[in-house]
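Here's the structure, in structure tokens; my notes come after.
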Amino acid sequence: MTDFTKMSADELIAHVNARLSKINPTMHFLRGKVLSFEEASLTVKVAFETHDQLSNGANQVQGGFSAAMLDAACGYLVSAHNV
């Protein structure tokens with residue numbers, strides 16, 4: 001198991017993004033990617049690419065997918081600190 005606490009922010013980002021489709025099928029489906037991580041402020045920035053499968057009848061991202069995006073971002077932050 002990888003010890004994320006010994007990685008720099010750039011190493012952590014590269015590690016996670018290189019393995020997203022294998023370790024997290026949901027992030028793969030949401031087309032998520034970690035952009036930055038700031039240890040001092042405990043901040044993680046994650047981007048998601050919207051696509052038709054995420055849309056509701058009003059052609060907007062369905063709320064449940066928005067919640068999943070928030071959950072994924074929070075999960076990566078917690079994992080990075082082994083909380």
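The values are calculated or read from the model by the stated rules, or taken from the named source; none is laboratory data. A quick note: this is a predicted structure, and the numbers were derived from the prediction, not measured. We place every Cβ from the backbone using ideal geometry, glycine too, and count neighbours over all the protein chains shown.
Put simply, of 41, 55 the only residue that is of a type in the set (Ser, Thr, Tyr) and closer than 28 Å to residue 5 by Cα is 41.
In the set (1) touching a strand residue (DSSP E or B) at 6+ places or on another chain (Cβ under 9 Å); (2) loosely packed, with under 14 Cβ neighbours inside 10 Å, the condition left unmet by residue 28 is number (1).
Among the residues of segment 67-83, the ones that are surrounded by fewer than 14 Cβ atoms within 10 Å (Cβ to Cβ) and without any contact (Cβ under 8 Å) to a residue 60 or more places away in the chain come to 6 in all.
Aliphatic (A, V, I, L, M), in contact with a Lys or Arg (Cβ under 6 Å, 6 or more places away or on another chain) and modelled with pLDDT of 90 or more, is that true of residue 47? So residue 47 passes the test.
Within segment 34-51, the set of residues being touching a strand residue (DSSP E or B) at 6+ places or on another chain (Cβ under 9 Å) and within 13 Å of residue 79 (Cβ to Cβ) comprises 34, 37, 44, 46.
Return the pairs, sorted by first residue and then second, in which the second residue is charged (D, E, K, R), the first residue lies in segment 3-15 and is under 13 Å from residue 42 (Cβ atoms), the beta carbons are less than 7 Å apart, and the residues are 6+ apart or on different chains. Filtered contacts from segment 3-15: 9/38; 9/39. On the stretch given as segment 12-45, residues that are farther than 21 Å from residue 67 by Cβ and among the β-branched types (Val, Ile, Thr) total 1.
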